[in-house]
1. Considering region 50-89 alone, what residues qualify as being crowded, with 19+ Cβ neighbours inside 10 Å, touching a strand residue (DSSP E or B) at 6+ places or on another chain (Cβ under 8 Å) and in a helix (DSSP H, G or I)?
2. Could you say which residue among Gln129, Gln142 is touching a residue at least 24 places away in the same chain (Cβ under 8 Å) and within 14 Å of the chain's Cα centre (by Cα)?
3. Does Val158 count as of a type outside the set (D, E, K, R), crowded, with 21+ Cβ neighbours inside 10 Å and within 22 Å of Pro52 (Cα to Cα)?
4. Could you tell me whether Arg141 is surrounded by fewer than 23 Cβ atoms within 10 Å (Cβ to Cβ) and under 15 Å from Arg190 (Cα atoms)?
5. Collect the residues in region 107-128 that are in contact with a helix residue (DSSP H, G or I) (Cβ under 6 Å, 6 or more places away or on another chain) and either more than 30 Å from Lys172 (Cβ to Cβ) or part of a strand (DSSP E or B) (or both), keeping them in residue-number order.
6. Looking at Ser59, Ser23 in this structure, which one is over 15 Å from the mean Cα position of the chain (by Cα), of a type in the set (S, T, N, Q) and at pLDDT 90 or above?
7. Scan region 95-123 for residues that are surrounded by fewer than 15 Cβ atoms within 10 Å (Cβ to Cβ) and over 21 Å from Ile140 (Cα atoms) and report the count.
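The values are calculated or read from the model by the stated rules, or taken from the named source; none is laboratory data. Note that this is a predicted model, so its numbers are computed, not measured. As a convention, Cβ positions derive from the backbone with ideal geometry for all residues, glycine included, and neighbour counts pool all protein chains shown.
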Amino acid sequence: MPLFDGRGGWVGALRGALRGGVSRQRLRSWGDFYDGEVDEAYRRFHLALHAPYLEAIRSFRPERTLEAGCGTAIFSEALAGAGVRACALDLDAGVVASVCARVPLMRSLRGDLFRLPFASSSFDVSFSQGVLEHFAPARIRQALHEQLRVARAVVFSVPNLHYRWGEYGDEKLWSLPAWGGILRDLPVVRLEAYHRATLRRNFFIPRPIMTLGVLVRP
(Lines give C-alpha, C1' and ligand atoms only; values in the text may rest on other atoms or scores of the structure.)
Protein backbone atom coordinates (compact mmCIF):
# COMPACT_ATOMS: atom_id res chain seq x y z
CA MET A 1 0.00 0.00 0.00
CA PRO A 2 2.84 2.41 -0.62
CA LEU A 3 2.38 5.91 -2.00
CA PHE A 4 3.88 5.18 -5.40
CA ASP A 5 2.36 5.66 -8.83
CA GLY A 6 5.05 4.14 -11.01
CA ARG A 7 5.82 7.41 -12.78
CA GLY A 8 7.12 10.12 -10.49
CA GLY A 9 8.41 8.05 -7.57
CA TRP A 10 7.21 8.55 -4.03
CA VAL A 11 7.32 12.35 -4.20
CA GLY A 12 5.05 12.50 -7.21
CA ALA A 13 2.78 9.87 -5.76
CA LEU A 14 2.48 11.70 -2.45
CA ARG A 15 1.57 14.89 -4.28
CA GLY A 16 -0.98 12.98 -6.32
CA ALA A 17 -2.47 11.43 -3.20
CA LEU A 18 -2.83 14.82 -1.55
CA ARG A 19 -4.63 16.01 -4.66
CA GLY A 20 -7.09 13.15 -4.39
CA GLY A 21 -5.30 9.86 -4.92
CA VAL A 22 -3.87 7.80 -7.74
CA SER A 23 -6.21 7.45 -10.68
CA ARG A 24 -8.14 4.19 -10.34
CA GLN A 25 -9.00 3.95 -14.03
CA ARG A 26 -5.47 3.11 -15.17
CA LEU A 27 -4.97 0.34 -12.59
CA ARG A 28 -5.88 -3.02 -14.12
CA SER A 29 -3.78 -5.15 -11.80
CA TRP A 30 -1.32 -4.96 -8.93
CA GLY A 31 1.38 -5.36 -11.56
CA ASP A 32 0.20 -2.06 -13.03
CA PHE A 33 0.11 -0.47 -9.58
CA TYR A 34 3.74 -1.38 -8.86
CA ASP A 35 4.99 -0.80 -12.40
CA GLY A 36 7.80 1.64 -11.69
CA GLU A 37 11.32 1.99 -10.48
CA VAL A 38 12.01 1.20 -6.84
CA ASP A 39 14.88 3.56 -6.21
CA GLU A 40 16.80 4.44 -3.08
CA ALA A 41 14.57 7.44 -2.29
CA TYR A 42 11.52 5.17 -2.44
CA ARG A 43 13.15 2.66 -0.09
CA ARG A 44 14.24 5.30 2.42
CA PHE A 45 10.82 6.94 2.48
CA HIS A 46 8.83 3.75 3.06
CA LEU A 47 11.27 2.08 5.43
CA ALA A 48 11.20 5.25 7.56
CA LEU A 49 7.42 5.60 7.40
CA HIS A 50 6.92 1.97 8.42
CA ALA A 51 9.79 1.72 10.91
CA PRO A 52 7.50 0.53 13.77
CA TYR A 53 6.16 -2.22 11.51
CA LEU A 54 9.60 -3.41 10.46
CA GLU A 55 10.80 -3.28 14.07
CA ALA A 56 7.84 -5.45 15.11
CA ILE A 57 8.95 -8.07 12.58
CA ARG A 58 12.57 -7.87 13.71
CA SER A 59 11.57 -8.15 17.38
CA PHE A 60 11.00 -11.88 16.86
CA ARG A 61 14.59 -12.27 15.60
CA PRO A 62 13.34 -14.39 12.72
CA GLU A 63 15.53 -16.67 10.64
CA ARG A 64 12.80 -17.35 8.06
CA THR A 65 10.13 -14.86 6.98
CA LEU A 66 7.25 -14.79 4.52
CA GLU A 67 5.89 -11.58 3.03
CA ALA A 68 2.33 -12.55 2.10
CA GLY A 69 1.32 -10.08 -0.61
CA CYS A 70 4.71 -8.55 -1.23
CA GLY A 71 4.17 -5.68 -3.69
CA THR A 72 7.62 -4.14 -4.10
CA ALA A 73 9.01 -6.52 -1.42
CA ILE A 74 11.23 -3.80 0.05
CA PHE A 75 10.64 -5.14 3.57
CA SER A 76 11.72 -8.64 2.57
CA GLU A 77 14.66 -7.11 0.77
CA ALA A 78 15.68 -5.24 3.93
CA LEU A 79 15.40 -8.40 6.01
CA ALA A 80 17.34 -10.45 3.46
CA GLY A 81 20.08 -7.84 3.55
CA ALA A 82 20.40 -8.53 7.28
CA GLY A 83 20.81 -12.27 6.75
CA VAL A 84 17.18 -13.41 7.09
CA ARG A 85 15.98 -16.15 4.75
CA ALA A 86 13.18 -14.04 3.33
CA CYS A 87 10.51 -15.27 0.95
CA ALA A 88 8.27 -12.87 -0.99
CA LEU A 89 4.91 -14.12 -2.26
CA ASP A 90 2.26 -12.44 -4.40
CA LEU A 91 -0.66 -13.63 -6.52
CA ASP A 92 0.12 -11.20 -9.35
CA ALA A 93 2.61 -12.64 -11.84
CA GLY A 94 3.79 -9.17 -12.86
CA VAL A 95 4.60 -8.27 -9.26
CA VAL A 96 6.59 -11.49 -8.75
CA ALA A 97 8.48 -11.03 -12.03
CA SER A 98 9.45 -7.50 -11.03
CA VAL A 99 10.73 -8.62 -7.61
CA CYS A 100 12.65 -11.54 -9.14
CA ALA A 101 14.33 -9.20 -11.61
CA ARG A 102 15.27 -6.64 -8.96
CA VAL A 103 16.32 -9.03 -6.16
CA PRO A 104 17.36 -12.23 -7.97
CA LEU A 105 19.00 -13.86 -4.93
CA MET A 106 15.86 -13.65 -2.78
CA ARG A 107 13.18 -16.32 -3.07
CA SER A 108 10.08 -14.90 -4.76
CA LEU A 109 7.10 -16.86 -5.98
CA ARG A 110 3.49 -16.66 -7.01
CA GLY A 111 0.95 -17.92 -4.50
CA ASP A 112 -2.49 -17.48 -2.96
CA LEU A 113 -2.73 -15.68 0.39
CA PHE A 114 -5.67 -17.92 1.35
CA ARG A 115 -3.97 -21.18 0.38
CA LEU A 116 -0.30 -20.68 1.07
CA PRO A 117 1.88 -23.26 -0.70
CA PHE A 118 3.91 -24.12 2.39
CA ALA A 119 3.91 -26.73 5.12
CA SER A 120 2.85 -25.76 8.62
CA SER A 121 5.46 -23.88 10.67
CA SER A 122 7.65 -23.18 7.65
CA PHE A 123 8.43 -19.64 8.84
CA ASP A 124 9.12 -17.73 12.03
CA VAL A 125 7.14 -14.65 10.94
CA SER A 126 4.63 -13.97 8.18
CA PHE A 127 3.93 -10.32 7.46
CA SER A 128 2.04 -8.00 5.14
CA GLN A 129 1.78 -4.28 4.58
CA GLY A 130 -1.18 -2.75 2.78
CA VAL A 131 -2.85 -6.08 1.98
CA LEU A 132 -5.62 -6.96 4.42
CA GLU A 133 -7.58 -3.73 3.97
CA HIS A 134 -8.60 -4.93 0.50
CA PHE A 135 -10.75 -7.76 1.91
CA ALA A 136 -13.94 -8.25 3.89
CA PRO A 137 -13.62 -9.20 7.58
CA ALA A 138 -14.29 -12.90 7.06
CA ARG A 139 -11.58 -13.10 4.40
CA ILE A 140 -9.17 -11.17 6.63
CA ARG A 141 -9.64 -13.72 9.39
CA GLN A 142 -9.17 -16.53 6.88
CA ALA A 143 -5.91 -15.01 5.65
CA LEU A 144 -4.60 -14.54 9.18
CA HIS A 145 -5.48 -18.10 10.19
CA GLU A 146 -3.61 -19.35 7.13
CA GLN A 147 -0.57 -17.25 7.96
CA LEU A 148 -0.63 -18.52 11.56
CA ARG A 149 -0.58 -22.03 10.14
CA VAL A 150 2.72 -21.45 8.34
CA ALA A 151 4.33 -19.07 10.87
CA ARG A 152 4.47 -18.72 14.65
CA ALA A 153 3.89 -14.96 14.47
CA VAL A 154 2.04 -12.66 12.07
CA VAL A 155 2.67 -8.94 11.72
CA PHE A 156 0.48 -6.71 9.56
CA SER A 157 0.14 -3.04 8.73
CA VAL A 158 -2.90 -1.38 7.18
CA PRO A 159 -4.05 2.22 6.65
CA ASN A 160 -6.71 3.39 9.10
CA LEU A 161 -9.67 5.74 8.87
CA HIS A 162 -7.41 8.83 9.06
CA TYR A 163 -5.51 7.80 5.94
CA ARG A 164 -8.30 9.38 3.91
CA TRP A 165 -7.52 8.16 0.41
CA GLY A 166 -7.32 4.92 -1.52
CA GLU A 167 -4.70 4.28 -4.18
CA TYR A 168 -6.26 1.13 -5.58
CA GLY A 169 -9.89 1.94 -4.86
CA ASP A 170 -11.20 -0.89 -2.67
CA GLU A 171 -9.47 -0.09 0.63
CA LYS A 172 -11.47 -0.44 3.85
CA LEU A 173 -10.21 2.28 6.18
CA TRP A 174 -11.24 1.10 9.65
CA SER A 175 -10.65 2.38 13.19
CA LEU A 176 -8.71 0.52 15.88
CA PRO A 177 -11.96 -0.61 17.62
CA ALA A 178 -13.22 -1.92 14.28
CA TRP A 179 -10.02 -3.93 13.82
CA GLY A 180 -10.37 -5.21 17.35
CA GLY A 181 -13.77 -6.60 16.42
CA ILE A 182 -12.47 -8.16 13.20
CA LEU A 183 -9.65 -9.86 15.10
CA ARG A 184 -11.85 -11.27 17.84
CA ASP A 185 -10.95 -14.82 18.83
CA LEU A 186 -7.52 -14.46 17.18
CA PRO A 187 -4.31 -14.48 19.28
CA VAL A 188 -3.64 -10.73 19.08
CA VAL A 189 -0.80 -9.48 21.31
CA ARG A 190 -0.50 -5.96 19.89
CA LEU A 191 -2.84 -3.59 18.06
CA GLU A 192 -1.94 0.08 17.78
CA ALA A 193 -1.75 3.09 15.50
CA TYR A 194 1.47 4.60 14.19
CA HIS A 195 2.92 7.28 11.91
CA ARG A 196 1.31 10.58 12.82
CA ALA A 197 0.75 12.78 9.78
CA THR A 198 -0.67 16.25 9.28
CA LEU A 199 -3.03 16.12 6.31
CA ARG A 200 -5.36 18.69 4.82
CA ARG A 201 -8.15 16.13 4.72
CA ASN A 202 -7.84 15.77 8.50
CA PHE A 203 -8.03 19.55 8.89
CA PHE A 204 -4.26 19.63 9.52
CA ILE A 205 -4.73 17.88 12.87
CA PRO A 206 -1.85 15.42 13.40
CA ARG A 207 -3.26 11.90 13.45
CA PRO A 208 -1.74 8.42 13.12
CA ILE A 209 -2.70 7.07 9.72
CA MET A 210 -1.52 3.43 9.99
CA THR A 211 -2.56 0.46 12.14
CA LEU A 212 -0.11 -2.23 13.30
CA GLY A 213 -1.25 -5.68 14.39
CA VAL A 214 0.78 -8.55 15.84
CA LEU A 215 -0.53 -12.09 16.39
CA VAL A 216 1.33 -14.96 18.01
CA ARG A 217 0.24 -18.57 17.79
CA PRO A 218 -0.30 -20.11 21.26
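1. Tyr53, Ala56, Ile57, Phe75, Ser76, Glu77, Leu79, Ala80
2. Values: Gln142 fails: within 14 Å of the chain's Cα centre (by Cα).
Exactly one of Gln129, Gln142 is touching a residue at least 24 places away in the same chain (Cβ under 8 Å) and within 14 Å of the chain's Cα centre (by Cα), namely Gln129.
3. On the way: of a type outside the set (D, E, K, R): yes; crowded, with 21+ Cβ neighbours inside 10 Å: yes; within 22 Å of Pro52 (Cα to Cα): yes.
Against the criterion (of a type outside the set (D, E, K, R), crowded, with 21+ Cβ neighbours inside 10 Å and within 22 Å of Pro52 (Cα to Cα)), Val158 qualifies.
4. Working: surrounded by fewer than 23 Cβ atoms within 10 Å (Cβ to Cβ): yes; under 15 Å from Arg190 (Cα atoms): no.
In short, no.
5. Listed by number, the residues that qualify are Ser108, Arg110, Phe123, Val125, Ser126, Phe127.
6. Exactly one of Ser59, Ser23 is over 15 Å from the mean Cα position of the chain (by Cα), of a type in the set (S, T, N, Q) and at pLDDT 90 or above, namely Ser59.
7. 5
Residues are listed down the side, and each one gets a yes or a no for (1) at pLDDT below 95; (2) not aliphatic (A, V, I, L, M):
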| residue | (1), (2) |
| --- | --- |
| Ser157 | no, yes |
| Leu161 | yes, no |
| Trp165 | yes, yes |
| Gly169 | yes, yes |
| Trp179 | no, yes |
| Leu186 | no, no |
| Leu191 | no, no |
| Phe203 | yes, yes |
| Pro208 | yes, yes |
